[in-house]
Amino acid sequence: MTETSRRALLGTGAALLAAPLAAPALAQPRWPTRPVQMLCPWAAGGGTDAVLRIIAALLEKELGQPFNVVNRTGGSGVVGHAAIASAQPDGYTLGMLTSEICMLHWQGLTEVTYRNYTPLGLMNLDPPGIQVNVSAPYADVKALAEAVKKSRPGQMKASGTGQGGIWHLALAGWLGAMGLPASHVRWVPSNGAAPAMQDLAAGGLDFTTCSVPEARAMLDAGRAKSLAVMSPERLSAFPNIPTLKEAMGIDYSTGAWRGIAGPPNLPAEVRNVMGPALGKVFNSQEYKDFLNARGFGLLYADAAGFGRHMEEADKSLGEAMKAAGLAKAA
Amino acid sequence: MQLSDRVTGGVLVLLGAAAAWGGSRLPAVPGQEVGPAAFPMLIGCGLILCGVLIAVGIGRSFEAEEAPETPHPWWYGLRALVPFALLLFYVLASETLGFVLTAAAMILVGALVLGARLRLALPLAVLMPLLIHLAFYKLLRVPLPDGLLSPPW
Amino acid sequence: MELLEAFRLVAAPDVLIAILASAIYGLVVGSLPGLSATMATALLVPVTFWLSPIAAVATIITASAMAIFSGDIPGCLLRIPGTPASAAYTDEAYALTRKGQAELALGAGLWFSAIGGIVGTLSLVLMAPVLAEMALSFSTFEYFWLAFLGLMCATLVARSSPIKAIASMLLGLLIACIGMENPAGTPRFTFGVPDLLGGIEPIPALVGVFAVSEVMRAMVTPEPPKLPDRKFGSILANQWALTKKYQWPMWRGNIIGIIIGVLPGAGADMAAWVSYAMSKKFSREKEKFGTGHPEGLVEAGASNNASLASGWVPSLLFGIPGDTITAIAIGVLYMKGLNPGPTLFTENARSMYALYIIFILANIIMIPLGILMIRMASQVLRAPRAAIMPVILVMCAVGSFATGSNLFSVLLVGLFGCLGFVMERNGYPVAALVLGIVMGSMVEQNFITSLIKSDGDVLPFIERPVSGVLAAMTFGALLWPLGVWIWNRVQGPRLPAGSAAE
């Protein structure tokens, strides 16, 4: 622990200067030779911002040039996503894409789709869980599903994010997989997962479909329980929560994901340097510790895999949005 | 820009009507009985009511009397638009000229309009942009554009 | 034993350096127009990567407390509030400055901020479980009434015609409608501009209507007579007398701050508004409000800092942010392995005590550092207006740009400057506009979601015990002036004509 406390001391001294503790790179590639801007379409302090900042710090260590995170917010992510797509394709402006890029265009809010980027690597995926109040009478997700099927349309209420947000689509997808229309359970829009979890604890909702890490504090506090997670495998941070497939035989998975990408037509050398660098960052102990500490899901895909992932996500999210009546008829 | 209550009240009525009309045209949302239209329409109606009351002159008695203004030539009031023009200049020029030059121009013009001598305005326009750049760029890591002239740090 | 261990944790050199550095940082950032306390904490997050857990949380606690206080400084000296939490009483503080009592106003801000912070911390130490239980019993129904009550403060705070205050507030609510961050997720009033999809942030609006419009006013008004050039008096000299004189408002401010802070989603801004309005409502010298009267400063200054400390209660116990600052802090807590939840209080009691100590420490060092800051900042009063105003304008541009690296917010600042200038000239209070923008989405969100949950039934709005009480308070406050008016009408003829002079 002497190593950490020494760095802690150094860091404190440098707090005001915000001096990066960058290790010089051994070999100097042709890219990057100057600082790289990493655009974050969401505000400072949020989850995407936190993940991007740790990636940037580790890339800086890996490639020897500063990677500066710039929060380009506005328009519910539209502005920042568009800025990444329209940046100079010189490799000095990259950014983080989030699931919203496969949703916004279906709502008719932007022309930009996943095709307008050069994917570089998928870095994280958080599957939604199904959480109920701890005093709810459902022993497992099957019991909840039975109750949902028996209820009048609109009688049960669920929440987790705003109208048309990723967790709303998760609900629509789950209901769809059970053969129910998306409107069978009424969605109560909320300003993010935290207020929804509070309302769940206060007894105002039947269940929430936000991600498990977002529900974590309430789970730890014994106010809520998570019945299932909508992913192919159990989460490493929450091994006690069964998957939907295990619990009720429904093979449905989705999630909110984050990945690094750049504008179209990035030079080959940028792709060749960045791809392996992101792989190394993902496999580093620091990255894994950070994501595990916050409960974020670890999922990596290389450039080509990220491209395929986005293509699939775009299709399935589009279907869910049409089913929920959220996509713009075009 | 001292307008009579009739004018400002009228503007509020028009704005409220526009808000209510614009709100009423918003589409309903499946699964929500009270759609996105309700709130703007409510506010629009409130604005219309307030606008009418103000235009008619109800509640005027509460206001504090303002000191009479000294007479000025007609263009004097336009000086109030200088700050807006300078901000617009920043929006349009900062990407190409860079922060330091844009800010210097803003400070120089602003100070001169406010009646500063060149002896004060010039050093201010040279020093302050550099100081602000140092504080925001280095300490707060705000990505201020470099443009034509990038500071030595 | 645990307590001793906690003291040892805080006394580590890296923690002490972190507290000092982030205190100075928070003071500076909070005093710059456009940079809020939230922004100050958000920018600290990458720095905390390199700090030990206690030092990391210490920087957040210290910087946010300092920033909320120092937001009072530019408000008092230049009538430009540094953070939204200071907007409620900016006019009052500035009026004191114009009367030549800047040190009294700033000293009150400092002294009662520190007291509020310490009382808030004590509430955190002694009553965290009780307060958390209260916060959890608040559902959207209760939040709706709370937000509605907050909005009504606009009419109480204003010195101008109440109808114009309501009109300003409605205008703010209308501005809050812009974008797609509404319960329906439908873009409203965006006119096809993608930048408007996310809505209008309170910060550019605040900077515009207060700071830019102040610069605009300077352009068309002759330079005000210079304040007599004199040595700045003692900052703390009169505070003890104020504490004794306004003991009751101070405690009321503390308690209201604690209650509002504990409720997730309602933070220091709302605490300051409600407390200032309460102070005016219950004061024996109502007519002095707005003319440079310290009573409201005492109550609201204590309130916003008390809310800051109690805002940590739901964050630490349930991981639910009490406001935007604690939302960021929760991320840091997780990152450092201090996972929020009841276990933090039992298994990690050492770290909890250390956090308490840091809270108290931060509020104590706020006094000497704040005095230094005030002394330096008050030099601004001596500088010629032609030098100050253009620099403020540049800072407005950079400050609003900093939040999202988006030039659109600079344009917004300019537009809000024009709006604020015109409103101010015609007797429409701009503070009410800011309140409308800040509270707009909260009112609508809770109203619509409550209706969705009750299937369109309005009964739950008054049926639940807490919401019933809040509803009664709201209607009481609404109907009170009407009742008084009718009472006067009925009683009027019997009274002698001279009594109308009241």
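Figure legend. Inter-residue proximity from region C:160-171: first residues part of a loop (DSSP other than H, G, I, E, B), second residues among the charged types (D, E, K, R), beta-carbon distance below 7 Å, spacing 6+ or different chains. Indicated pairs: C:Ser160/B:Glu63; C:Ser161/B:Arg60; C:Ser161/B:Glu63. Pairs linking a residue in region B:132-147 that is more than 12 Å from B:Leu101 (Cα to Cα) and facing chain C (nearest Cβ under 9 Å) to a residue that is at pLDDT below 80 and not in a loop (DSSP other than H, G, I, E, B), with Cβ atoms under 6 Å and 6 or more positions apart or on different chains, are B:Leu140/C:Leu43; B:Val142/C:Ala402.
A:Ala196 falls short of the stated requirement of being among the small types (Gly, Ala, Ser), in contact (Cβ under 8 Å) with a residue 60 or more places away in the chain and more than 7 Å from every other protein chain (Cβ to nearest Cβ). Here B:Thr96 meets each of (1) surrounded by fewer than 21 Cβ atoms within 10 Å (Cβ to Cβ); (2) out of contact with any Gly (no Cβ under 8 Å at 6 or more places or on another chain) with one exception, condition (2). A single member of C:Leu308, C:Leu372, C:Leu338, C:Leu344 is within 24 Å of the chain's Cα centre (by Cα) and crowded, with 20+ Cβ neighbours inside 10 Å, and it is C:Leu308. For region A:246-260, the count of residues that are under 30 Å from C:Thr140 (Cβ atoms), assigned to a loop (DSSP other than H, G, I, E, B), over 17 Å from the mean Cα position of the chain (by Cα) and more than 14 Å from chain C (Cβ to nearest Cβ) is at least one. In region A:92-109, the residues that are surrounded by fewer than 20 Cβ atoms within 10 Å (Cβ to Cβ) reach residues that are assigned to a strand (DSSP E or B) with C-beta atoms within less than 9 angstrom, at least six apart or across chains, in these pairs: A:Tyr92/A:Val36; A:Tyr92/A:Gln37; A:Thr93/A:Val36; A:Thr93/A:Gln37; A:Thr93/A:Met38; A:Thr93/A:Leu39; A:Thr93/A:Val70; A:Thr93/A:Gly262.
Which of the residues that make up region C:1-37 are assigned to a helix (DSSP H, G or I), at pLDDT below 85 and among the small types (Gly, Ala, Ser)? Within region C:1-37, C:Gly30, C:Ser31, C:Ala37 meet the criteria.
It is to be established whether one or more residues within region A:132-153 are in contact with an Asp or Glu (Cβ under 6 Å, 6 or more places away or on another chain) and not aromatic (Phe, Trp, Tyr). Spell out how you get there, then give the answer.
If we filter region A:132-153 for residues that are in contact with an Asp or Glu (Cβ under 6 Å, 6 or more places away or on another chain), which is where we start, we get none.
There is no residue in region A:132-153 that is in contact with an Asp or Glu (Cβ under 6 Å, 6 or more places away or on another chain) and not aromatic (Phe, Trp, Tyr).
Within region C:76-93, the set of residues being assigned to a helix (DSSP H, G or I) and touching a residue at least 60 places away in the same chain (Cβ under 8 Å) comprises C:Leu77, C:Leu78, C:Pro84, C:Ala85, C:Ser86, C:Ala87, C:Ala88, C:Tyr89, C:Thr90, C:Asp91, C:Glu92, C:Ala93.
Looking at A:Leu227, A:Leu266, which one is at pLDDT 90 or above, in a loop (DSSP other than H, G, I, E, B), buried (at least 21 other Cβ atoms within 10 Å of the Cβ) and touching a strand residue (DSSP E or B) at 6+ places or on another chain (Cβ under 9 Å)? The conditions single out A:Leu266.
If you take the residues of region A:278-298 that are aliphatic (A, V, I, L, M) and surrounded by fewer than 21 Cβ atoms within 10 Å (Cβ to Cβ), which of them is nearest to the other protein chains (Cβ to nearest Cβ)?
Initial filter on region A:278-298 (aliphatic (A, V, I, L, M)): A:278, A:281, A:291, A:293, A:298.
Still in the list and also surrounded by fewer than 21 Cβ atoms within 10 Å (Cβ to Cβ): A:293, A:298.
On the way: A:Ala293: 6, A:Leu298: 15 Å.
The extreme case among them is A:Ala293.
Tell me, yes or no, whether region C:367-376 has at least one residue that is small (Gly, Ala, Ser) and either touching a Cys at 6+ places or on another chain (Cβ under 9 Å) or more than 14 Å from chain A (Cβ to nearest Cβ) (or both).
yes
Counting only residues that are over 20 Å from C:Thr324 (Cβ atoms) and in a helix (DSSP H, G or I), which one in region C:191-207 is farthest from the other protein chains (Cβ to nearest Cβ)? Going through the qualifying residues, I end up with C:Leu196. Of the residues C:Glu214, C:Glu223, the single one that is in a loop (DSSP other than H, G, I, E, B), facing another protein chain (nearest Cβ under 10 Å) and in contact (Cβ under 8 Å) with a residue 24 or more places away in the chain is C:Glu223.
This table checks each residue for (1) over 27 Å from B:Pro36 (Cβ atoms); (2) at pLDDT below 85.
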{"position": "C:Phe421", "(1), (2)": "yes, no"}
{"position": "C:Glu424", "(1), (2)": "yes, no"}
{"position": "C:Val458", "(1), (2)": "no, yes"}
{"position": "C:Pro465", "(1), (2)": "yes, yes"}
{"position": "C:Thr474", "(1), (2)": "no, yes"}
{"position": "C:Ala500", "(1), (2)": "yes, yes"}
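Among the residues of region A:290-313, just one is free of Cβ contacts under 8 Å to residues at least 12 places away in the same chain and either under 14 Å from A:Asn124 (Cβ atoms) or not assigned by TED's automatic domain parsing to the domain that holds A:Leu63 (or both), namely A:Ala293.
Listed here are the residues, each with its yes/no results for (1) at pLDDT 90 or above; (2) surrounded by fewer than 21 Cβ atoms within 10 Å (Cβ to Cβ); (3) not β-branched (Val, Ile, Thr).
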| position | (1), (2), (3) |
| --- | --- |
| A:Ala147 | yes, yes, yes |
| A:Met178 | yes, yes, yes |
| A:Asp199 | no, no, yes |
| A:Thr254 | no, no, no |
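Taking the numbered list (1) under 18 Å from the mean Cα position of the chain (by Cα); (2) over 18 Å from A:Leu291 (Cβ atoms); (3) of a type in the set (Phe, Trp, Tyr) in turn, A:Phe238 passes all entries but (2). C:Gly404 meets all of the listed conditions (1) closer than 27 Å to B:Val91 by Cβ; (2) in contact with a strand residue (DSSP E or B) (Cβ under 7 Å, 6 or more places away or on another chain); (3) at pLDDT 85 or above but one, namely (3).
The strands (runs of 3 or more DSSP E) found entirely in region A:110-183 that carry 2 or more residues being in contact with a His (Cβ under 9 Å, 6 or more places away or on another chain) and closer than 16 Å to A:Asp206 by Cα are A:157-159. Taken over region A:291-330, the criterion of being under 21 Å from A:Leu235 (Cα atoms) and at pLDDT below 85 is satisfied by A:Asn292, A:Ala293, A:Arg294, A:Gly295.
Table: residues versus (1) more than 9 Å from every other protein chain (Cβ to nearest Cβ); (2) of a type in the set (Asp, Glu); (3) under 17 Å from C:Met366 (Cα atoms).
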{"residue": "C:Leu3", "(1), (2), (3)": "yes, no, no"}
{"residue": "C:Ala6", "(1), (2), (3)": "yes, no, no"}
{"residue": "C:Ala11", "(1), (2), (3)": "yes, no, no"}
{"residue": "C:Ile19", "(1), (2), (3)": "yes, no, yes"}
{"residue": "C:Ala23", "(1), (2), (3)": "yes, no, yes"}
{"residue": "C:Leu27", "(1), (2), (3)": "yes, no, yes"}
{"residue": "C:Leu32", "(1), (2), (3)": "no, no, no"}
{"residue": "C:Thr48", "(1), (2), (3)": "no, no, no"}
{"residue": "C:Ile60", "(1), (2), (3)": "yes, no, yes"}
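The rows are residues; the columns are (1) over 27 Å from C:Gly185 (Cα atoms); (2) in contact with a strand residue (DSSP E or B) (Cβ under 8 Å, 6 or more places away or on another chain).
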position: A:Ala256; (1), (2): no, yes
position: A:Gly275; (1), (2): yes, yes
position: A:Phe290; (1), (2): yes, no
position: A:Phe296; (1), (2): no, yes
position: A:Leu299; (1), (2): yes, yes
position: A:Phe306; (1), (2): yes, yes
position: A:Glu311; (1), (2): no, no
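Screening C:Ser86, C:Ser139 for residues that are in contact with an Asp or Glu (Cβ under 8 Å, 6 or more places away or on another chain), closer than 28 Å to C:Val313 by Cβ and surrounded by fewer than 24 Cβ atoms within 10 Å (Cβ to Cβ) leaves exactly one candidate, C:Ser139. For region A:205-221, taking the residues that are assigned to a loop (DSSP other than H, G, I, E, B) and at pLDDT 85 or above, the one that is surrounded by the fewest Cβ atoms within 10 Å (Cβ to Cβ) is identified as A:Asp206.
The values are calculated or read from the model by the stated rules, or taken from the named source; none is laboratory data. Keep in mind that what you see is a predicted model, and the values were worked out from it rather than measured. No Cβ is skipped: glycine too gets one built from the backbone with ideal geometry, and neighbour counts run over all protein chains shown.
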